[in-house]
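Engineer: Okay, handing you the structure first.
The values are calculated or read from the model by the stated rules, or taken from the named source; none is laboratory data. Quantities reported herein were computed from a predicted structural model and do not represent experimental measurements. A quick note on method: Cβ atoms are made from the backbone with ideal geometry, for glycine too, and the neighbour counts reach across all protein chains shown. For the accessible areas, the whole protein counts, side chains as well, though only heavy atoms, and no ligand, DNA or RNA atoms are used. Shrake-Rupley method; radii C 1.70, N 1.55, O 1.52, S 1.80 Å.
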There are 2 protein chains.
Amino acid sequence: MAAAVSISPLAPKTLPALPPIDGVRFAAGAAGVRYRGRTDVMVALFDRPATVAGVFTRSKCPSATVDWCRAALSDGRARALVVNSGNANAFTGAAGVATTTAVAKAIAKAIGATPNEIYQASTGVIGEPMDPAPIVNALDGLIAAAKPDRLLDAARAIMTTDTFPKVATARVKLGDAEVTINGIAKGAGMIAPDMATMLSFVFTDAPITAPALQTLLSKGVERSFNAITVDSDTSTSDTLLIFSTGAAAARGAPAIADAADPRLAAFRRALDKLLVDLAQQVVRDGEGARKFVEVRVAGAATRRAAKRIALAIANSPLVKTAVAGEDANWGRVVMAVGKSGERAERDKLDISFGDLRVAHAGQRDPDYSEAEASAYMKKSKIVIGVNVGVGTATAKVWTCDLTKEYIAINGDYRS
Amino acid sequence: MAAAVSISPLAPKTLPALPPIDGVRFAAGAAGVRYRGRTDVMVALFDRPATVAGVFTRSKCPSATVDWCRAALSDGRARALVVNSGNANAFTGAAGVATTTAVAKAIAKAIGATPNEIYQASTGVIGEPMDPAPIVNALDGLIAAAKPDRLLDAARAIMTTDTFPKVATARVKLGDAEVTINGIAKGAGMIAPDMATMLSFVFTDAPITAPALQTLLSKGVERSFNAITVDSDTSTSDTLLIFSTGAAAARGAPAIADAADPRLAAFRRALDKLLVDLAQQVVRDGEGARKFVEVRVAGAATRRAAKRIALAIANSPLVKTAVAGEDANWGRVVMAVGKSGERAERDKLDISFGDLRVAHAGQRDPDYSEAEASAYMKKSKIVIGVNVGVGTATAKVWTCDLTKEYIAINGDYRS
């Protein structure tokens, strides 16, 4: 695994403080999953069973830990989460299943839970058999060390080629009580919608049932983690889990069993915003990224078409290398619209970079100024706007540029 | 347009001699479409009307020249082909249509043909209005200079970021007569199936009707130009045309009106092979390519599924950077199979690099040797084999690695 050479220039300037959430404690440590002396495991421990919901990779070859979580979710009750980096426990066959079972049993025994209350995620190399022993041996120490204020340590423990820990927090009213939402994520390559080598874990004290959490999460992910792409590659291991300790009930927060409950409105908005924040941080730490790119598509026939067009632009190596080269090459945007396969009215197409309209009605804008466009491309955030002229549907996705550093990072990852 | 710095290490060692074909003459010249003093236009002139067939980009935003050729093909009769580099005449609106009309009229007038007998293709920058004058002004000189033995000059004239001209030739029996097939192509980025910034022109003296040629070409393209990818980007301008002068009829070749005519068997095989040869040359000149990659998928549910899986592997930036880094990272092949969305039996998956089976039945092969695999990855041709374990369908596609040179070429193309 290549060491992170320097922090992404697109990283947030400050890390927000993460207020502790009643009912959950965190610890991180160096278990030696793959390398010695490197923090590579985190646990979250719930004092009482938390409600839980999840969204996973759509890969047809998911990891053993993804299979494990999907099965556990039918109960929707969590006592612990254990996450390791260094090994993805993917494509490891029966041995991989044995590893997830061994880890779940060990932690369940140590905290007095049942294995189906244990959630797991793994990130790292695919196809290497994963020995459960390093994690199992580290459990006692982690459990003893777990504290409510250690979520940032946990965020650091799950980094692989990430150059900064990704955290976000929100405080919002639920009924008359204040509730907290904290989230962490890790990227940074193999990121594509549906979802990516992307792990993200969200914790709240809002008393919300598992089915209601699932509805909130499934909706929220569409405009956040499923609207980002770094390199169009989708991992075997993508996992997004949300846990609720429900501890805010003791402070008067109402128990919510229906995602459509009007009392949830503020919570839903805050959760959606937090998911977008975390997803954008993943892109901001895209491997080799130097520029953050927002692609806005309008005028499409359907929302699905709009998103496909936006992703065709965001995944185009030629568009991404042009952004890296600070080249206002909107011809490549036309190419990407054309290759998406979705309806677009070539002779009505509008394209803009930021506020500069560069193409209008299927031709270069008469007011196009190469100098202005080139100046705009020097910014660190680039907004590519396209109106395809056939309808009213819109979509927004985020990506980064494609640089030589991406090649350097990925041409020498395993060694 | 970045100057070619050096010839691709994957280029064929020798250029075959292209025997002249009766009834067609070629010329190339420097018209100044975009730059002065650079060969940027070629013409092919047919002494009598040739039959013609074509396959084009599936882009929803095709260039004006693609629209022009599609319309002309309804007559299936050609007197001239004119091709320019420097400007793609794409996304140029009504002005682009006016340009193709002006060029067609000018050449038709000069040679005594009708505009619908003129075929055109353009490659280069998208979205720049294209003035017909440089081409129109060059026509008289080109027509005067055209000779049957100038096809290699024509191949050179249509290069953009190509580092070598792509030519292929075959001689085959049709009835009792020998017929010739010559082809040229240009790449080298924005190459993806269906098709790419890919221009290719094939010429033969075999007397075959336009509808029969169309059937041969549409079939042949599936396993050649539609089975290659450099960067997954599809151009607005892809054009593959085949022209037959029919001159071999004078030497006794039978006139063929049906692509299923058994007398065509040898011709069909030769044409298919020539198309594969040209398509592979395009990949061998993929921007920044250092390695040629063949992806073979077996055991898929359908041929379509097999091809989608093969393309998911061939288009994966993580697979391609691993090849560039000479890293036998078969975990990324698993990832790509998983992201293809096609059925695959994770626990039956076999993966090989060349003759080395690296994964078997959903796990690392027990005999896997990292040293052997690493040694294999140093070769300049890499064969990635995958059996997905659900059926019997197969597919083969070709691509190249993804290197820092790709970024360098595409991060600074327009300037």
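Engineer: Scan region B:28-42 and give yes if some residue there is aromatic (Phe, Trp, Tyr) and either out of contact with any Pro (no Cβ under 9 Å at 6 or more places or on another chain) or over 30 Å from B:Val283 (Cβ atoms) (or both), otherwise no.
Structural biologist: yes
Engineer: Still on this structure, please answer the following. Let me confirm something: among B:Thr161, B:Thr92, B:Thr99, which residue is within 14 Å of chain A (Cβ to nearest Cβ), over 23 Å from B:Ile181 (Cα atoms), touching a residue at least 60 places away in the same chain (Cβ under 8 Å) and in contact with a helix residue (DSSP H, G or I) (Cβ under 9 Å, 6 or more places away or on another chain)?
Structural biologist: B:Thr161
Engineer: May I pose another question? Go through (1) surrounded by 22 or more Cβ atoms within 10 Å (Cβ to Cβ); (2) part of a helix (DSSP H, G or I); (3) more than 7 Å from every other protein chain (Cβ to nearest Cβ); (4) not polar (S, T, N, Q) and name the single condition B:Trp398 misses.
Structural biologist: All conditions are met except number (2).
Engineer: Another question, if that's okay. Read through the list (1) hydrophobic (A, V, I, L, M, F, W, C); (2) more than 11 Å from chain A (Cβ to nearest Cβ); (3) touching a residue at least 24 places away in the same chain (Cβ under 8 Å), then give the number of the only condition that B:Ala375 fails.
Structural biologist: Failed condition: (3).
Engineer: Got a number for residues in region B:77-102 being open to solvent by 10 Å² or more (accessible area, probe 1.4 Å) and closer than 24 Å to B:Thr204 by Cβ?
Structural biologist: Here the count works out to 2.
Engineer: Further, regarding this structure: For region A:285-321, name all the residues that are among the basic types (Lys, Arg) and surrounded by 24 or more Cβ atoms within 10 Å (Cβ to Cβ).
Structural biologist: A:Lys307, A:Lys320
Engineer: Continuing with this model, one more query. Considering only residues that are buried (at least 19 other Cβ atoms within 10 Å of the Cβ) and either out of contact with any Asp or Glu (no Cβ under 8 Å at 6 or more places or on another chain) or of a type in the set (A, V, I, L, M, F, W, C) (or both), which ones fall in region A:103-119?
Structural biologist: A:Val103, A:Ala104, A:Ala106, A:Ile107, A:Ala113, A:Ile118, A:Tyr119
Engineer: A further question on this structure: Go through region A:78-88 and report how many residues are within 14 Å of chain B (Cβ to nearest Cβ) and free of Cβ contacts under 8 Å to residues at least 60 places away in the same chain.
Structural biologist: 1
Engineer: Same structure, new question: Inside region A:254-273, can you point out the residues that are open to solvent by 10 Å² or more (accessible area, probe 1.4 Å) and either of a type in the set (Lys, Arg) or in contact with a strand residue (DSSP E or B) (Cβ under 6 Å, 6 or more places away or on another chain) (or both)?
Structural biologist: A:Arg263, A:Ala266, A:Arg268, A:Arg269, A:Ala270, A:Lys273 - these are the residues of region A:254-273 that are open to solvent by 10 Å² or more (accessible area, probe 1.4 Å) and either of a type in the set (Lys, Arg) or in contact with a strand residue (DSSP E or B) (Cβ under 6 Å, 6 or more places away or on another chain) (or both).
Engineer: Could you check region B:24-53 and list, in sequence order, the residues that are among the aromatic types (Phe, Trp, Tyr) and open to solvent by less than 10 Å² (accessible area, probe 1.4 Å)?
Structural biologist: Matches in region B:24-53: B:Phe26, B:Phe46.
Engineer: Okay, next question. Return the residue satisfying two criteria in turn: it lies in region B:342-360 and is part of a loop (DSSP other than H, G, I, E, B) and open to solvent by 40 Å² or more (accessible area, probe 1.4 Å), and of such residues it is farthest from the other protein chains (Cβ to nearest Cβ).
Structural biologist: B:Asp355
Engineer: Of all the residues that make up region A:361-393, how many are open to solvent by 50 Å² or more (accessible area, probe 1.4 Å) and assigned to a loop (DSSP other than H, G, I, E, B)?
Structural biologist: 6
Engineer: Also, I was wondering about something else. Could you count how many residues in region A:111-143 are more than 14 Å from chain B (Cβ to nearest Cβ) and either within 20 Å of A:Val33 (Cα to Cα) or of a type in the set (Lys, Arg) (or both)?
Structural biologist: Total satisfying the criteria: 16.
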